[in-house]
Structures are given as structure tokens and as C-alpha cells.
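The values are calculated or read from the model by the stated rules, or taken from the named source; none is laboratory data. Fair warning: this is a prediction, and the values are worked out from it, not measured in the lab. Don't worry about glycine lacking a Cβ; one is built from the backbone with ideal geometry, like all the others, and counts go over all protein chains shown.
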Amino acid sequence: MKAAAITGMGIVSCLGTDLSSVTAGLKNGQSGIIFDDQRKKLGFKSPLASFIPEVLPKELGLSRKHMRTMCEPALYSVAAAQKAVADAGLLTDKIQSDRCGVIFGNDSTMKAGVESIDIARQYNETHYIGSGYIFRTMNSTITMNLAAYFGTQGANWTMSAACASGAHVIGQALMLIRSGMQDIIIAGGAQETNWMGMASFDALNAFSSSTETPEKASRPFDRNRNGLVPGGGGACIIIEALDHALARGANIYGIVEGYGFSSGIGKTLSEPSAKGSGKAMENALKDADITPDKIDYINAHATSTMAGDLAEAKAIHNIFSSNTPVSSTKSMTGHECWMSGVSEVIYTILMAKNNFIAPNINFTQLSDDCPPINVISQTKDGQICRALSNSFGFGGTNAAIALKFNRND
């Protein structure tokens, strides 16, 4: 089977919009969480959110015609994909080929949907919605817009799998590369950050109530955690057949070595399963043909909820050594939802490239019912040769990605 290399990265997140800024944010344990006054006025129980720098269409070279069919997550995706394509040094002839595809993770375009319905209600007819809204409201808005923008002719679809969407994208890209069906996949995920996309989550009491100190609200694995903080933005990586990348002299950040998935829920659609989480991790290790002791770091899914963090901690404890370093970058970024499976792979690559493990900030102590796992609460210097990145979503959709950063063992 062909090996799959990561040759380019681009991101729009609360830690920054370029790789050097994001690296510094990770290393410094920087929080991107703020108090959103608009959400407070709208009656949100938790008006916390990550702060995403404004993305201006003109700065991306997007025209009014482009923007007629693009909503917020599509805009974030173009910004991230532009950066990733440039970082990979991909030329037009490689991109505009049936050997290059686009797959992104996205599971909501709420704002565009609400706006179109509001227009219909205002005028009592659909005429004024116009022709562009249908392309903004569909979950596949990202990939249809990106494929048109870049002129790709290969794979072109969206993965919709809750908070595991981005990780499943990477897994499917790996399978397409291994099979020889594609040479390059522009792979990514995006999450809208508007209040409309998060209102129903707030109604579930899923968000943190620690509103007095926003930067301390996201506390994965900590005994005092009381809910997640919503984040968002866009993230993109270029996944390329290793032989193809080497032939064109591309820079190689790492190898996607394995992909594992599973399904399993507790008593409700939102309740996690330690068994399901563990199975995804075991499957990723099996796919990579490595044993648990080979993993130097786990970027945990841990969102700062009581049940979710506990289930993942149990799964990690059952599979790995109690010394295996674990942290959740969501302590800094909040939960980036549909994009998190890709953004957290980028965060992990940046750690490996710069020889450190980012801290699980706001962590003081595990809860009494939590098994012993090695949560890294302060930035730790060290080499990461192999890592695992976890993503679990509502409805029991689980994914884990095994990454390798040297090819000489």
C-alpha cells in the first residue's frame, strides 16, 4: 500500500492564522476563549466562545460572485486551504487534475439556513432568497466551493459526522491514497462560530458555567470541569502519496500511519462510550501495525465535560501505559467541533516539529472516579516520534488518527 504524507498545512483558529503564531500559542499555553456580550444579550446560559480573527474576502482574493455561494465555514475553509496549498508548494497542474481531490468535514451551516428562512418570512415569498443561498445552506457548501475555486477534478465531497468529521476526512483520504485512486487530497474541516450555530448546544447545558474567568473555563480532565466552550474556524492539510511527494521534492511534515473508527454510545445520543472510544484507538494502532508503547503522545478529544472526559480517560488507561503523555488542546481553543479532527492533527504536527508537548491548561487534579492517566499540565520539551489524535462525536461516531514523524525505525 502507498504511504500517505502530510505536505502542507493551513489554519484559522483562535491561536492564530499562521503556523508560527499557532506554535507559539500552543507552547505558551495561550487561551483563545472570550466572553461574548452578544450571546449574553440573547439569553445564552454560557456566553463563552473562542475568538476568531475576522477573515476578509478581499484579502483572500474572493469576489462578490464567489461570496454569493459561500457562508462562514466555506470562507474559513478557503482561507485555510489557500495557506495549505501554498505551504505544500502545489502548482496548478497538480491541483487541477483528476488525481487531486477535496474532502472536508462539516456538520452545520446554521446561519445561512436561518437567514434564508428569515427572508422568506419577511417577504412572504421565496423569490427574494435568491439563487446563492441554496449553495450556502448545504453541508457540502465547503467542498463544492473549494472544488470550484481550485479547479480540482478528483474526489469532491463532505464528511458529516459530528465532532469526528475532520478525523474521518483524514481517514478517508488515507484510504484513497493507499488504494492509488488519488495522489493528493486537500483535506480539512470547518466550524461556524456564529451564535445561531451554538444556540441548541447551549440549550443542552453542555457549555461551561465558569463565565467569570473565560480563559479558565475549558478544563479537560480536571476535577472541577463543568462543560465545554465552543470554538471554530477552519483547518486544512495536504495529504499526498509519499512517492508522489518525494518525486516533486515536497517538504514532509509527517506520515498518516493509521486510522481507526468505531460506533458506540451510552444511554442517549449524547452520552459517550469508553468501549467505543477505546475501539477506535485500538483500530488505529492495528491499522498502523504498532503497539501502544510506540505512542509518545495522545492529543485527547477531551472537551471538558464530566462524562466525555471520564469515558476517554478510561479508554486511554485500558490501552496505554499510565506514563503515556496526554493533553487536550481544547483547554486553549475550546471545542472546534467539525474542524477539530484536522486542527488537532495540525497542533500535534507543530508540537512534533518543534519538540514539545503542549499543556492541558487549567488542569490541577483528576476527579476521584478517573483512572490514572498522565495529563501534561505544563509545556514539556521532548521528541514525539509517534502520536495519536482522538475525535469522538454525538451519536457514537469515533475516530483516531495515528501519526508518524520519522521513517527510520
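Computed values, structure above
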quantity: Residues within the range 37-55 that are in contact (Cβ under 8 Å) with a residue 40 or more places away in the chain, surrounded by fewer than 17 Cβ atoms within 10 Å (Cβ to Cβ) and closer than 13 Å to GLY233 by Cα, tallied; calculated: 1
quantity: Residues located in the range 117-154, provided they are small (Gly, Ala, Ser), crowded, with 19+ Cβ neighbours inside 10 Å and either part of a helix (DSSP H, G or I) or within 20 Å of the chain's Cα centre (by Cα) (or both); calculated: ALA147
quantity: Criterion (touching a Pro at 6+ places or on another chain (Cβ under 6 Å) and either buried (at least 23 other Cβ atoms within 10 Å of the Cβ) or part of a strand (DSSP E or B) (or both)) met by exactly one of ILE34, ILE6, ILE11; calculated: ILE34
quantity: Complete set of residues in the range 345-365 that are within 27 Å of GLN172 (Cβ to Cβ), touching a residue at least 60 places away in the same chain (Cβ under 8 Å) and not in a loop (DSSP other than H, G, I, E, B); calculated: VAL345, ILE346, TYR347, ILE349, LEU350, MET351, ALA352, LYS353
quantity: Complete set of residues in the range 67-103 that are of a type in the set (Asp, Glu), farther than 21 Å from GLY166 by Cα and part of a helix (DSSP H, G or I); calculated: ASP93
quantity: Sole residue being buried (at least 23 other Cβ atoms within 10 Å of the Cβ) and of a type in the set (A, V, I, L, M), chosen from ILE255, ILE237; calculated: ILE237
quantity: Condition broken by ALA187, with the remaining ones in (1) assigned to a loop (DSSP other than H, G, I, E, B); (2) touching a helix residue (DSSP H, G or I) at 6+ places or on another chain (Cβ under 9 Å); (3) within 24 Å of GLU336 (Cβ to Cβ); (4) not hydroxyl-bearing (Ser, Thr, Tyr) satisfied; calculated: (1)
quantity: In the range 334-368, residue nearest to ASN251 (Cα to Cα) [restricted to those that are modelled with pLDDT of 95 or more and charged (D, E, K, R)]; calculated: LYS353
quantity: When residues of the range 270-304 are limited to those that are closer than 21 Å to MET339 by Cβ and more than 18 Å from the chain's Cα centre (by Cα), the one surrounded by the fewest Cβ atoms within 10 Å (Cβ to Cβ); calculated: SER270
quantity: All positions within the range 102-142 that are of a type in the set (A, V, I, L, M, F, W, C), over 24 Å from SER63 (Cβ atoms) and touching a strand residue (DSSP E or B) at 6+ places or on another chain (Cβ under 6 Å); calculated: ILE103
quantity: GLY396 vs. criteria in contact with a helix residue (DSSP H, G or I) (Cβ under 9 Å, 6 or more places away or on another chain) and either over 18 Å from ALA164 (Cα atoms) or surrounded by fewer than 24 Cβ atoms within 10 Å (Cβ to Cβ) (or both); calculated: yes
quantity: Flag for ALA315 being more than 17 Å from GLY16 (Cα to Cα) and without any contact (Cβ under 8 Å) to a residue 60 or more places away in the chain; calculated: yes
quantity: Criterion (farther than 26 Å from SER21 by Cβ and without any contact (Cβ under 8 Å) to a residue 24 or more places away in the chain) met by exactly one of LYS65, LYS58; calculated: LYS65
quantity: Selection within the range 312-325 - touching a helix residue (DSSP H, G or I) at 6+ places or on another chain (Cβ under 7 Å) and either under 14 Å from GLY278 (Cβ atoms) or in a helix (DSSP H, G or I) (or both); calculated: GLU312, LYS314, ALA315, ASN318, ILE319, PHE320
quantity: Residues located in the range 256-311, provided they are more than 17 Å from SER328 (Cα to Cα), assigned to a loop (DSSP other than H, G, I, E, B) and among the β-branched types (Val, Ile, Thr); calculated: ILE265, THR268, ILE290, THR291
quantity: Flag if MET70 is modelled with pLDDT of 95 or more, out of contact with any Gly (no Cβ under 6 Å at 6 or more places or on another chain) and not hydroxyl-bearing (Ser, Thr, Tyr); calculated: yes
